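Worksheet: the structure to be examined is printed underneath.
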Amino acid sequence: MTLGYVLLTAAAAVAYFILPTTPLSKLLLYNGIGLSAVIATLVGIRHKRGESRKAWMLIVAGLISFLAGDVCYYVLDALSPSAPFPSPADALYLGMYPLVIYGLLRLIRQISPGRDWPSLLDAAIAAVGTFAVLGVLVIDTYVADGSMQLAGRIISVSYPVMDVALVAVAVRLVGVVHLRRPAYALLAAGLCSLLVADTIYGVLNSAGTFETGGFADLFWLSFYVLIGAAALQPAVPDTAQIQGST
């Protein structure tokens, strides 16, 4: 099932990049892939139990929020050559982060109920390093942009800050499972893809050169597909099962 889903969405992604650019085709193909990730995750949740199910429900809620942001953005972009910023799409995009972060924290608590100090240290190092890189590439530019209104600057800075928080939690997840299970490896890869996409967007947007249909879209689409593929993996075992296999 997972392979079929990946191949189908990969074909849709190829069509998205090679077909003539029209607002309708981009809206249907791009957001169709996002919708497929939501459906795939909901299908995967049916086979999960206990805390794992609750955690994935939060993750899929985050995906729905992100997808709603995409639909809102594409509609606004189709209606006007210069979509407003900030817009309702930003609230929906940013709403994804706390939902996914909380879902990941629940997965971590399920797998490793105690404090795993080495993974906590790794998470802190990753957060500091990511913040330093994004600070140079993105945050400083937004803070210094006097042409942007305060609300726009706050929203713009919120994206890399949320990315830092997401990276910290993702590294913690990797630390406690060591990517021995495909579901977690795909989940971590999806979150990394989101970070890359957001970084590319931040750099291009701050330079005034960002356009939909570009390189960043590849990583946002990968984020959707990898999360959907992770959810379709065999049920993530509960704590007792994981501890019994270590």
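The values are calculated or read from the model by the stated rules, or taken from the named source; none is laboratory data. Not measured: the values here are computed from a predicted model. Cβ sites come from the backbone with ideal geometry, for glycine too, and all protein chains shown count toward neighbours. Protein only, heavy atoms only, side chains kept; ligands, DNA and RNA dropped before computing areas. Shrake-Rupley method; radii C 1.70, N 1.55, O 1.52, S 1.80 Å.
Things worth noting here:
- Which numbered condition residue 28 misses (of (1) under 24 Å from residue 90 (Cα atoms); (2) among the hydrophobic types (A, V, I, L, M, F, W, C); (3) modelled with pLDDT of 90 or more): (3)
- Among the residues making up the range 187-218, a single one is at positive phi and in contact (Cβ under 8 Å) with a residue 24 or more places away in the chain: 213.
- For residue 20, the criteria (1) part of a helix (DSSP H, G or I); (2) open to solvent by 80 Å² or more (accessible area, probe 1.4 Å) hold in every case but one, which is (1).
- Matching residues in the range 60-104 - criterion: being closer than 17 Å to residue 192 by Cα and in contact with a Lys or Arg (Cβ under 9 Å, 6 or more places away or on another chain): 103, 104
- When the range 1-37 is filtered for residues that are closer than 21 Å to residue 53 by Cα, in contact (Cβ under 8 Å) with a residue 60 or more places away in the chain and of a type in the set (A, V, I, L, M), the ones remaining, listed by number, are 1, 37.
- Checked against the criterion of being without any contact (Cβ under 8 Å) to a residue 12 or more places away in the chain and either part of a loop (DSSP other than H, G, I, E, B) or not β-branched (Val, Ile, Thr) (or both), the range 49-64 contains one or more residues that satisfy it.
- Restricted to the range 34-58, and to residues there that are under 26 Å from residue 76 (Cβ atoms), in contact with a Gly (Cβ under 9 Å, 6 or more places away or on another chain) and of a type in the set (A, V, I, L, M, F, W, C), the residue that is surrounded by the fewest Cβ atoms within 10 Å (Cβ to Cβ) is 39.
- Matching residues, the range 49-81, being of a type in the set (Ser, Thr, Tyr) and either closer than 27 Å to residue 211 by Cα or at pLDDT 85 or above (or both): 65, 73, 74, 80
- Taken over the range 114-155, the residue count meeting the criterion of being small (Gly, Ala, Ser), more than 23 Å from residue 190 (Cβ to Cβ) and surrounded by 13 or more Cβ atoms within 10 Å (Cβ to Cβ) is 2.
- Selection count, the range 74-89, where residues are touching a residue at least 24 places away in the same chain (Cβ under 8 Å) and assigned to a loop (DSSP other than H, G, I, E, B): 2
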